[in-house]
Amino acid sequence: MTHDIVIVGGGGAGLRAAIAAAEESSNLSIAIVSKVYPMRSHTVSAEGGAAGVLREDDTLEFHAKDTIFGADFLADQDVVETFVKEAPGELVQLEHWGCPWSRDPDGKLSARPFGGMSVNRTLYAADKTGFHMLHALFQTSLKYENIVRYDECFVTSLLVDDGRVIGVTSLNLYTGKVEVVAGKAVIMCTGGGGRVFPFTTNASIKTGDGMAAAYRAGAALKDMEFVQYHPTGLPGTGILITEASRGEGGWLVNKHGHRYLEDYGLGPPSDTPVNRKMELGPRDILSRCHMQEHMKGNTFEGEYGHYVHLDLRHVGREVIDGKLPFVRELVRNYVGIDPVYEPIPVRPVVHYMMGGIHTDITGKTTLNGLYAAGETACVSMNGANRLGSNSLTELLVFGARSGRAAAQFVAGQQAPSASALEALAKDEQRRLDSNFMKKEGGTEEIAQIREEMQAAMEEGAGIYRDETRMKATCDKLSELRGRFANIKIVDKSEVFNTGITSALELDSLLHVAETVAHGALSRKESRGSHTRTDFPDRDDVNYLQHSMCYQTPDGPRVEYLPVTITRWQPEERKY
Ligand SMILES: Cc1cc2nc3c(=O)[nH]c(=O)nc-3n(C[C@H](O)[C@H](O)[C@H](O)COP(=O)(O)OP(=O)(O)OC[C@H]3O[C@@H](n4cnc5c(N)ncnc54)[C@H](O)[C@@H]3O)c2cc1C
């Protein structure tokens, strides 16, 4: 199976990249390899919306500044400027492809307030934005005959010949056979890896496979220590209650019925529908406030630990049914209460990874022939804390950029050498057989290692971090890596063998976890989502830099790369 461009991932970023490459030339053969049917990618579950400057009261300058502030100055400002400039065109384009943006009665695009955004700039399709976006992209991709798909094929490794990426190996989940999908360029669009933590809004397929494959092949993972907690997930399941519920006026209250955010410099509360401070503060700050309330004994205790209330009762049934119907549906089904009449129990949950495969502004990585886009990439627009609703737009802007860049790159490239492909594929088959498919013996349970890893990550790399606990987490992860070599795979069947996919996913998760923990240990400051109790201040002298994690036989090696500053000099981040 030989193509010009191989895209791994059929979510928002992968589909947008495929369309962009197909538009560059109808002569290019483009493959999308995805471990799930594209419409099941995590993008489908995005609720709140996608940000872009499309209203008269907004400017590109405001959007850039909000993003850079939100990022606690760790965003590359040239990237942010490009992002805000290209975002509006992408959002309009998406409507022409069929995404039904919600509209005001006068026919203009509706925009809702979102955390850290100084004006209403988040476009939405009710509270099923990701579903509609993914549908529009998927149906558009079907129009191009030069895009072919390999659905339910699990990519196991990148094939690298003499420093150049020449394709991937993929486990066909229907047949259990390992296949080579060769290409002159590969674009990784495999999404995030929130599953390294126990409580997350992320689908169970979000295991960081693409990050791990690129890391094993020698690429750098950048800014991995920055993990975003979303302040309002459901206890127990981790299901997200979208920020749009606060954008539409929801309140966070502690067990004394007090809107506690005013005690943390975010107040005073107001009863206006849009209260940009308070509940619309950025996610990192709101998650820390929750933990402070917990330490003060002001949170409720339930079956699944501490929680506070998200109160939507005053917002009213009409707004809830009109703009947040999915929130009502989720809360009724998963909590058994109706948010029109009762407050929703919520707690912070892991939601998004700011870090990922290091790329430049075109999506190019440091490995020749490898590109990346979407949550798996780190093009450096989210810095130390992403603003909600920027990432759906990021998929479009940088998905398209990476598709175009890869299309231009392959024009001057020779086809991969058949002998190199064959030799690399044989090596990979041997690795997979001995570690997974034909593995004999072994005593360690996959689920047990996964649970211990998740617990260690929450303990040492959660909302508040310190040296002792982070070191313990790093040690635990290397112990788990050792035990992973002795895993037990009982099921040897070939068709949809979930034992083997869970083992492959755990392998990825352990790599991702290690880069998060070591990145966090090396960064001796607090910035954005990375809060150290032993280094509570931001340190621009030493750490206005991206961390770059490389794999070595002794564990991750962390280096640093300066941040690009264009027009906004670092200042204290106040709301
Ligand atoms: C519940 C939820 C709500 C959100 N709401 C919003 C929102 O309102 N606004 C916003 O801006 N952002 C939101 N986000 C974040 C945003 O949705 C994601 O960051 C984004 O959709 C990721 O898109 P992606 O294309 O990078 O990856 P995904 O959509 O996760 O797609 C990854 C693709 O990679 C494939 N893949 C992965 N591993 C392999 C492998 N080994 N082999 C083959 N294929 C593989 C998968 O099959 C899938 O097709 C939300 C996230 C969540 C979890």
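The values are calculated or read from the model by the stated rules, or taken from the named source; none is laboratory data. As the structure is a computational prediction, the values presented were derived from the model and not from experiment. When we count neighbours, we look across all protein chains shown, and the Cβ atoms used for this are built from the backbone with ideal geometry, even at glycine. What goes into the accessible areas is simple: the full protein's heavy atoms, side chains included, and nothing from ligands, DNA or RNA. Shrake-Rupley method; radii C 1.70, N 1.55, O 1.52, S 1.80 Å.
So if I check each of R430, R523, R527, R465, which one is open to solvent by 70 Å² or more (accessible area, probe 1.4 Å) and either at pLDDT 95 or above or acidic (D, E) (or both)?
Result: R430 is the single residue among R430, R523, R527, R465 that is open to solvent by 70 Å² or more (accessible area, probe 1.4 Å) and either at pLDDT 95 or above or acidic (D, E) (or both).
Filter region 234-270 for residues that are within 16 Å of the ligand (Cβ to nearest atom), part of a loop (DSSP other than H, G, I, E, B) and open to solvent by 10 Å² or more (accessible area, probe 1.4 Å) and give the result.
In the first step, residues of region 234-270 are kept if they are within 16 Å of the ligand (Cβ to nearest atom); the result is 234-248, 250.
When the remaining residues are screened for being part of a loop (DSSP other than H, G, I, E, B), the result is 234-239, 241-243, 248, 250.
P235, G236, T237, I239, E248 - these are the residues of region 234-270 that are within 16 Å of the ligand (Cβ to nearest atom), part of a loop (DSSP other than H, G, I, E, B) and open to solvent by 10 Å² or more (accessible area, probe 1.4 Å).
Take the residues of region 179-196 that are open to solvent by 20 Å² or more (accessible area, probe 1.4 Å) and among the β-branched types (V, I, T): which is nearest to the ligand (Cβ to nearest atom)?
Step by step, filter region 179-196, then rank; the result is T190.
Can you find, within region 413-427, the residue that is least open to solvent (accessible area, probe 1.4 Å) among those that are farther than 14 Å from V181 by Cβ and in contact with a Lys or Arg (Cβ under 8 Å, 6 or more places away or on another chain)?
Q413
For residues that are within 16 Å of the ligand (Cβ to nearest atom) and surrounded by fewer than 21 Cβ atoms within 10 Å (Cβ to Cβ), tally how many sit in region 54-65.
Result for region 54-65: 1.
Inside region 530-554, can you point out the residues that are outside any strand (DSSP E or B) and of a type in the set (S, T, Y)? Steps first, please.
The initial filter retains those residues of region 530-554 that are outside any strand (DSSP E or B), namely 533-544, 551-554.
T533, Y543, T552, listed by residue number.
Considering each of V346, V335, V350, V315 in turn, give the residue that is touching a helix residue (DSSP H, G or I) at 6+ places or on another chain (Cβ under 6 Å) and either β-branched (V, I, T) or modelled with pLDDT under 95 (or both).
Values: V346 fails: touching a helix residue (DSSP H, G or I) at 6+ places or on another chain (Cβ under 6 Å); V335 fails: touching a helix residue (DSSP H, G or I) at 6+ places or on another chain (Cβ under 6 Å); V315 fails: touching a helix residue (DSSP H, G or I) at 6+ places or on another chain (Cβ under 6 Å).
Result: V350 is the single residue among V346, V335, V350, V315 that is touching a helix residue (DSSP H, G or I) at 6+ places or on another chain (Cβ under 6 Å) and either β-branched (V, I, T) or modelled with pLDDT under 95 (or both).
Looking only at region 338-393, count how many residues are assigned to a strand (DSSP E or B), hydrophobic (A, V, I, L, M, F, W, C) and away from the ligand (no atom under 14 Å from the Cβ). First the steps, then the outcome.
Looking only at region 338-393, we keep the residues that are assigned to a strand (DSSP E or B), and these are 344-353, 356-358, 364, 368, 370-372, 377-378.
Imposing the further condition that a residue be hydrophobic (A, V, I, L, M, F, W, C) reduces the set to 344, 346, 349-350, 353, 357, 370, 372, 377-378.
Those still in the list that are away from the ligand (no atom under 14 Å from the Cβ) too: 344, 370.
Looking only at that region, the number is 2.
Could you count how many residues in region 22-51 are within 15 Å of the ligand (Cβ to nearest atom) and either at pLDDT below 95 or not in a strand (DSSP E or B) (or both)?
15
Has region 1-12 got at least one residue that is open to solvent by less than 20 Å² (accessible area, probe 1.4 Å) and part of a helix (DSSP H, G or I)?
yes
Considering each of G363, G355 in turn, give the residue that is at positive phi and under 18 Å from the mean Cα position of the chain (by Cα).
G363
Across region 323-348, what is the total count of residues that are more than 28 Å from the chain's Cα centre (by Cα) and either over 16 Å from V253 (Cβ atoms) or among the hydroxyl-bearing types (S, T, Y) (or both)?
Within region 323-348, residues that are more than 28 Å from the chain's Cα centre (by Cα) and either over 16 Å from V253 (Cβ atoms) or among the hydroxyl-bearing types (S, T, Y) (or both) number 4.
Would you please list the contacts, defined by Cβ atoms under 6 Å and residues six or more apart or on different chains, that run from a residue in region 52-67 that is within 18 Å of N382 (Cβ to Cβ) to a residue that is of a type in the set (S, T, N, Q)?
G52/T393; F62/S118; D66/S118
Quick check on region 197-206. Is at least one of its residues β-branched (V, I, T), assigned to a loop (DSSP other than H, G, I, E, B), open to solvent by less than 10 Å² (accessible area, probe 1.4 Å) and within 8 Å of the ligand (Cβ to nearest atom)?
No, region 197-206 contains no residue that is β-branched (V, I, T), assigned to a loop (DSSP other than H, G, I, E, B), open to solvent by less than 10 Å² (accessible area, probe 1.4 Å) and within 8 Å of the ligand (Cβ to nearest atom).
Regarding E451, is this residue surrounded by fewer than 24 Cβ atoms within 10 Å (Cβ to Cβ), assigned to a helix (DSSP H, G or I) and charged (D, E, K, R)?
yes
Counting only residues that are of a type in the set (G, A, S) and modelled with pLDDT under 95, which one in region 205-240 is farthest from the chain's Cα centre (by Cα)?
Within region 205-240, the first condition is being of a type in the set (G, A, S), and the residues that meet it are 208, 210, 212-214, 217-220, 233, 236, 238.
Filter once more, keeping what is modelled with pLDDT under 95: 236, 238.
Numbers: G236: 21, G238: 15 Å.
Result: G236.
Does D539 fit the bill of being closer than 14 Å to A384 by Cα and loosely packed, with under 15 Cβ neighbours inside 10 Å?
It is true that D539 is closer than 14 Å to A384 by Cα and loosely packed, with under 15 Cβ neighbours inside 10 Å.
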